[in-house]
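Worksheet: one structure, shown below.
The values are calculated or read from the model by the stated rules, or taken from the named source; none is laboratory data. In this text the structure is predicted, and so the values were computed from the model without any measurement. Reconstructed Cβ throughout: ideal geometry from the backbone, glycine too, with neighbour counts over all protein chains shown. Just the protein is used for accessible areas: all its heavy atoms, side chains included, with ligands, DNA and RNA removed. Shrake-Rupley method; radii C 1.70, N 1.55, O 1.52, S 1.80 Å.
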Amino acid sequence: MKETKRAANNMPHEDPEHQERLLMVETGIDPAVWREQGHPPPSLLVASREDVLPQPLAERVTSHIELCPSCTRLLEDLLDPDVACPTLGEITRIRRRLPMPSPPQRPWKTLALIALTLVTAALSIVAVRTLSSGPISPQFVAPMPPGPPAPPGLVFRIPVEPAPLKLPPASTLAWRSQDGGPDQAYLVELGQALKPYREGRYREAAVRLQSLASQYPQSVEAPFYAGVSHLLAGDALFALEWLTKKPLVRSHPLYDDQLWYRAAALEQTGQWAEARDLLRQLCKLSGGYQQKACQLSKR
Amino acid sequence: METDKTNRSSGADYVFVSSVEREKNRRERLARLYDQHVHAVFRYAWRLTGRRDLAEDFTSEAFLALHRNLDQVEDARLPAWLFTEVRNLAIEYWRRASREQTLSEAAPFLRPDGSSSLVDLLSRATGLKPVHRICLTLRYLYGMDRQEIARQTGLSEHQIKSALQYGLELLRRELTS
């Protein structure tokens, strides 16, 4: 039923073979025609540039490249610096073969993370109680890296906690089904990139989400959570860059969150007046941040 | 007599401790140099072989050679010393491969003119990144499966699948627009 509906709508399918068939039907080009024999293997193409091949072989490969646009293009792409970079797995495997001290194991890191989580949770409870019972206590400081000193009259600290995950409804389908529509690849990759975020590894999350945001320029969630990850990792400048990259419309579920975390990033980078403006905006909205924003902006 | 024995024993301990210490220092130095140069050496090895598995082998061979000659090699001579090691290994590899005639006779590199349709198609889709083009070319021109492409590129099969899907979708949009 689902398949019939999809076919009727002519929606692209997740499976590359299916897309290949669609390409063939819509353009009249048969990908099988491309498959030809007689191209040198990619390894020879790459090595031919470095003067390590025996002379007769080098001459044949070079003359083929000169005449073959496909191989010329492929070689250009293969020589891209990103393609030649070793992966983490390769680096680890090479390291294992060498007589070197293994990278330092840090059991204390786990303990420190647990302790930090407990302290953050305790402080959050205190913060929530304080905010819900009245004005903010002057002693209250959220757990975050210290920002530059505030000018007189503008003293507030915006507490930063991990932003709740608000993903598009289709993301749940993307995990369960193989045919979730054109955005399925993005949603699957978003889910994977958010894994370190859920586990509190914010630096790693920031890197993965940034790369996803570059790969999918239309995405909204990836740049937002990249910004929040930077903020939680203590990089307020990067956070600000990513949180301002994709301004959201008011109806978007992440609109309030974006304003709140942008205000926090502004505050941490010393732009208190701008941060207070955003808090005032949030105060006028009826979202989850309203009460906190009103109290902070009055200070 | 007893004092002499004690002295000798402590001297042996001293020698033993200093050799352990020296080996520890050597390993730490190797680790530092590894962290500093492994990326560059791997990239160079890849450019000489075009194969990631070989680049991995040659990189580790070069660092093992460095470990053997660590006392003779100064930091200032790196990474050039490692590059020379990798280059020698690569030259030896290609000479052997060529001698075994797996490359020179079995693969006649013919008909380089018939595949321009794919190149035209790929160059029209400006949104494609090098990695997408590589995956598409290896899949549809070289007829490689995902596993082979993964070996060639160092990407996971899932990433290959995504790259192919994204690339095909972009090509499709480009052609139908």
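Here are the numbers for the structure shown:
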read-out: Residues located in region A:232-256, provided they are open to solvent by 30 Å² or more (accessible area, probe 1.4 Å), in contact (Cβ under 8 Å) with a residue 12 or more places away in the chain and among the aliphatic types (A, V, I, L, M); value: A:Leu232, A:Leu237
read-out: Residue tally, condition more than 7 Å from every other protein chain (Cβ to nearest Cβ), surrounded by fewer than 23 Cβ atoms within 10 Å (Cβ to Cβ) and touching a Leu at 6+ places or on another chain (Cβ under 8 Å), over region B:154-172; value: 1
read-out: Matching entry among A:Leu279, A:Leu237, A:Leu254 (being in contact with a helix residue (DSSP H, G or I) (Cβ under 9 Å, 6 or more places away or on another chain), within 15 Å of A:Ala163 (Cβ to Cβ) and of a type outside the set (S, T, N, Q)); value: A:Leu254
read-out: Residue selected from region B:149-159 under the condition under 22 Å from A:Pro40 (Cα atoms) and modelled with pLDDT under 85, by the criterion farthest from the chain's Cα centre (by Cα); value: B:Leu155
read-out: Scope region A:83-94; condition within 7 Å of chain B (Cβ to nearest Cβ) and either assigned to a helix (DSSP H, G or I) or open to solvent by 60 Å² or more (accessible area, probe 1.4 Å) (or both); matching residues; value: A:Val83, A:Ala84, A:Glu90, A:Ile91, A:Arg93, A:Ile94
read-out: Of the criteria (1) outside any helix (DSSP H, G or I); (2) within 22 Å of A:Ala58 (Cα to Cα), which one B:Ala55 fails; value: (1)
read-out: Residue, surrounded by the fewest Cβ atoms within 10 Å (Cβ to Cβ), within region A:57-82, restricted to residues that are out of contact with any helix residue (DSSP H, G or I) (no Cβ under 8 Å at 6 or more places or on another chain) and at the interface with chain B (Cβ under 7 Å from one of its Cβ atoms); value: A:Leu67
read-out: Scan of region A:212-231 for residues that are open to solvent by 20 Å² or more (accessible area, probe 1.4 Å) and among the hydrophobic types (A, V, I, L, M, F, W, C), ordered by number; value: A:Val220
read-out: Residue ranges of helices (runs of 4 or more DSSP H) in region A:217-282 with at least 3 members at pLDDT 85 or above; value: A:221-232, A:255-268
read-out: Any hit, region A:21-37, residues being among the hydrophobic types (A, V, I, L, M, F, W, C), part of a helix (DSSP H, G or I), at pLDDT 85 or above and out of contact with any Pro (no Cβ under 6 Å at 6 or more places or on another chain); value: no
read-out: Residue, farthest from B:Phe83 (Cα to Cα), within region B:43-60, restricted to residues that are open to solvent by 10 Å² or more (accessible area, probe 1.4 Å) and either more than 7 Å from chain A (Cβ to nearest Cβ) or β-branched (Val, Ile, Thr) (or both); value: B:Asp53
read-out: Contacts under 6 angstrom Cβ, first residue in region A:263-277 being in the same structural domain as A:Leu243 (by TED's automatic domain parsing), partner crowded, with 24+ Cβ neighbours inside 10 Å and acidic (Asp, Glu), 6 or more apart; value: A:Ala275/A:Glu267
read-out: Close pairs (6 angstrom Cβ cut-off, 6 or more residues apart or separate chains): on the phi > 0 side of the Ramachandran plot in region B:50-72, open to solvent by less than 10 Å² (accessible area, probe 1.4 Å) anywhere; value: B:Gly50/A:Pro42; B:Gly50/A:Val46; B:Gly50/A:Ala47
